[in-house]
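Notes follow the structure.
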Amino acid sequence: MVRTILVGIVALLVAAGSIATAHEQSLHKGRATGGTVVSVLERGLVLETSTGKVSVTLSETTKIERGDRPIAREEIKKGDHVEVFGTKLETGELVAKEIIVHGPEGPKHEGGAAHHGQ
């Protein structure tokens, strides 16, 4: 009986830890491309990154979040700082799987460049 209770407690602690780290880099596949939105287009965005401008294509399945809540693509505004996880094509275009929107002030976590990848 005591063993069953301990197993249950450990399971709860593991589950709580995974919820608390919802935006930890290790939970995303690959590295994010971070930048500032300079243009919002019908099917995507143009970002200004540390290496220049990057075209980002969005699809019906692109997941977009601000903080812990999903948002519509129409809520992304010029000047917002975003981090894009996706597939970079040979053309340099980035096809977004997930976008995290931080707003113009940038990421709200210690070590602001933690998600920046490319």
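Since every read-out is calculated from the coordinates, none of them should be taken as a lab result. A quick note: this is a predicted structure, and the numbers were derived from the prediction, not measured. Ideal geometry is used to build each Cβ from the backbone, glycine not excepted, and the neighbour counts take in all protein chains shown.
Quick rundown of the values:
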read-out: Sorted by Cβ neighbour density within 10 Å, fewest at the top, the residues L47, L89, L58; value: L89, L58, L47
read-out: Sequence-distant aspartates and glutamates (8 or more away, or on other chains) whose Cα lies within less than 17 Å of K88; value: E48, E98
read-out: Residues D80, D68 arranged by fewest to most Cβ contacts within 10 Å; value: D68, D80
read-out: Förster radius 25 Å - calculated FRET efficiency between E93 and R69 (Cβ-Cβ, nearest 0.05); value: 0.35
read-out: Calculated from backbone phi, Karplus (6.51, -1.76, 1.60) coupling profile of region 94-101 in Hz, x at Gly/Pro; value: 10, 9, 7, 9, 8, 10, 10, 9
read-out: DSSP-assigned coil residues among GluC sites (Glu not before Pro) in region 48-78, each with at most 10 further Cβ atoms within 10 Å; value: E60
